[in-house]
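Notes to accompany the following structure.
The values are calculated or read from the model by the stated rules, or taken from the named source; none is laboratory data. Note that this is a predicted model, so its numbers are computed, not measured. When we count neighbours, we look across all protein chains shown, and the Cβ atoms used for this are built from the backbone with ideal geometry, even at glycine. Accessible surface areas use protein heavy atoms only, side chains included; no ligands, DNA or RNA. Shrake-Rupley method; radii C 1.70, N 1.55, O 1.52, S 1.80 Å.
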Amino acid sequence: FICSVTNKKPAQASITKVKQFEGSTSFVRRTQWMLEQLRQVNGIDPNRDSPEFDLLFENAFDQWIASTASEKCTFFQVLHHTCQRYLTDKKPEFINCQSKIMGGKSV
């Protein structure tokens with residue numbers, strides 16, 4: 001999965017779900033949403049290290065699996081920072097996430 005931002009003004013951020021097939025070194029784009037469409041990030045269980053999580057968008061619900069729990073944590077940190085930086089209103093809700101992801105705040 002990728003969170004990307006353009007260099008053009010105004011900046012546009014998007015979330016892209018990619019898949020790497022076994023035996024391949026390349027990635028295939030599966031789906032893409034604008035960051036403004038993200039409504040909720042659900043870490044599923046803050047007390048257990050697992051790679052699974054859910055993203056809720058304006059008109060879609062999508063289940064994701066990171067390669068590792070650590071990769072999921074890194075993605076959440078980048079996603080949270082990107083939302084804080086590029087979204088002025090309607091920031092997504094982060095639920096069931098470990099507090100370290102949001103800089104130590106309880107969520």
Is it true that some residue in the stretch 9-23 is in contact with a strand residue (DSSP E or B) (Cβ under 9 Å, 6 or more places away or on another chain) and among the acidic types (Asp, Glu)?
no
Could you give every pair whose Cβ atoms fall below 9 Å, whose first residue belongs to the stretch 9-32 and is touching a residue at least 24 places away in the same chain (Cβ under 8 Å), and whose second residue is surrounded by fewer than 11 Cβ atoms within 10 Å (Cβ to Cβ) and assigned to a loop (DSSP other than H, G, I, E, B), counting only separations of at least 6 or pairs across chains?
Ala13/Thr6
Of the listed residues (Ser26, Ser14, Ser50), the one being of a type in the set (S, T, N, Q), in a strand (DSSP E or B) and either open to solvent by less than 90 Å² (accessible area, probe 1.4 Å) or touching an Asp or Glu at 6+ places or on another chain (Cβ under 7 Å) (or both) is Ser14
Does Ala60 satisfy the condition of being among the small types (Gly, Ala, Ser) and surrounded by 15 or more Cβ atoms within 10 Å (Cβ to Cβ)?
no
Is it true that some residue in the stretch 73-82 is outside any helix (DSSP H, G or I) and farther than 13 Å from Lys17 by Cα?
no
